[in-house]
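Report on one structure; see the data block that follows.
The values are calculated or read from the model by the stated rules, or taken from the named source; none is laboratory data. Keep in mind it's a predicted model, so treat the numbers as computed, not measured. Here Cβ is always computed from backbone atoms with ideal geometry, including for glycine, and neighbour counts include all displayed protein chains. Protein only, heavy atoms only, side chains kept; ligands, DNA and RNA dropped before computing areas. Shrake-Rupley method; radii C 1.70, N 1.55, O 1.52, S 1.80 Å.
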Amino acid sequence: MQLKEETKRMTIQSKSESFSTRAAKDFRRNSTIYLMLLPVVAFYAVFHYGPLYGLQIAFKNFSAGLGIWNSPWVGFQHFSDFFNGFFFERVVSNTIILGAYDLIFVFPASIVLALMLNEVRHRIFKRTVQSITYIPHFISVVVVVGMLVDFLAVDGLINHIITYFGGKPISFMRLPEWFRTIYTSSAIWQGIGWGSIIYLAAISNIDPSLYEAAKVDGAGRWKQMLQITLPGILPTVIILLILRIGSFMALQDEKILIMYNPVIYETADVIGTYVYRKGILEASYSFSAAVGMFNSLINFALLIGANYLSKRFTDTKLW
């Protein structure tokens with residue numbers, strides 16, 4: 001009885017405290033954690049929220065001499081120019097296609113690898129496979145593209161194999177129809193191992209007694225994977241899928257810039273590379289800012305929509 005009264009008294013006292021008082025106490029109690037968080041907050045404040053001030057040039061005819069604030073206002077003129085431009089259909093369709101390839105092929109690859117590794121019982125072999133598949137994630141994009149260029153060159157390894165079996169050499173890097181295959185397959189190679197880490201962690205949190213019960217009921221390893229492992233990691237898969245949909249239009253622009261050339265613009269030119277050409281090479285800063293803003297708004301809308309659908313049809317959501 002005395003404990004209940006003490007708890008009630010502390011609750012009333014905590015409610016009567018001001019927000020600033022509670023915040024000060026919390027900061028003193030967790031000062032180390034807040035100090036560790038400070039660099040992350042500073043990074044996002046400087047490099048993500050700070051530049052939002054300059055986003056207004058998308059609605060202005062920006063001039064470096066006049067500055068952002070004094071440049072003349074043109075409203076939605078740059079957006080209209082982009083929507084009615086010659087390259088609009090090409091860059092948007094290429095971006096959507098590569099984004100769809102990412103969702104269909106790249107995203108599930110890590111899940112498949114995690115499920116396969118979970119079934120491996122030989123510890124040394126499992127660790128070896130994990131190490132080998134993790135390594136590409138840490139390789140520079142420039143090095144990755146350099147490897148692609150060397151392997152896929154007319155006199156490269158892949159063409160040597162093709163000619164050995166009686167085929168003719170293929171100029172992979174100069175044929176538009178091969179770009180999407182090369183980009184997607186290399187993305188799988190780069191991210192499959194690193195992406196599987198979080199799924200393996202989710203699998204490790206599944207109650208082992210569920211597998212024991214399934215064995216008693218006569219379920220094989222295939223049924224255990226379908227009935228226990230997959231449902232167990234489903235919330236993690238949904239969360240990562242929502243985040244992936246939220247970056248649907250945000251591709252590996254740096255990688256594409258290094259890979260492509262004017263010969264394959266037909267399939268390789270995406271919104272990110274178009275923004276680079278217009279903004280950096282042609283100095284059309286306002287126009288490129290408008291195109292980049294359009295791309296970001298589409299990603300934001302997709303994120304909101306994916307979270308809403310997940311919240312409506314499942315119990316998993318971001319917020």
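Points worth noting:
- Residues located in segment 144-171, provided they are assigned to a loop (DSSP other than H, G, I, E, B) and not aromatic (F, W, Y): A153, V154, D155, G156, G166, G167, K168, P169, I170, S171
- Meets criteria (open to solvent by less than 40 Å² (accessible area, probe 1.4 Å), modelled with pLDDT of 90 or more and either closer than 18 Å to V291 by Cβ or not β-branched (V, I, T) (or both)) for F82: yes
Yes/no per residue for (1) within 30 Å of M293 (Cα to Cα); (2) of a type in the set (A, V, I, L, M); (3) part of a helix (DSSP H, G or I); (4) at pLDDT 80 or above:
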{"position": "L3", "(1), (2), (3), (4)": "no, yes, yes, no"}
{"position": "M10", "(1), (2), (3), (4)": "no, yes, yes, no"}
{"position": "K25", "(1), (2), (3), (4)": "no, no, yes, yes"}
{"position": "Y34", "(1), (2), (3), (4)": "no, no, yes, yes"}
{"position": "Y44", "(1), (2), (3), (4)": "yes, no, yes, yes"}
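- Checked against the criterion of being of a type in the set (S, T, Y) and free of Cβ contacts under 8 Å to residues at least 12 places away in the same chain, segment 229-244 contains not a single residue that satisfies it.
- Residue ID - least open to solvent (accessible area, probe 1.4 Å), chosen from residues in segment 265-301 that are of a type in the set (F, W, Y) and under 25 Å from M173 (Cα atoms): Y274
- Condition check for D315: of a type in the set (D, E) and modelled with pLDDT under 90: yes
- The set of residues in segment 302-319 being assigned to a loop (DSSP other than H, G, I, E, B) and open to solvent by less than 30 Å² (accessible area, probe 1.4 Å) consists of T316 alone.
- Count - residues of segment 172-228 that are among the charged types (D, E, K, R), surrounded by 12 or more Cβ atoms within 10 Å (Cβ to Cβ) and not in a helix (DSSP H, G or I): 0
- The conditions of being open to solvent by 50 Å² or more (accessible area, probe 1.4 Å) and part of a helix (DSSP H, G or I) are met by P39.
- Flag if V145 is under 18 Å from Q252 (Cβ atoms) and surrounded by 13 or more Cβ atoms within 10 Å (Cβ to Cβ): yes
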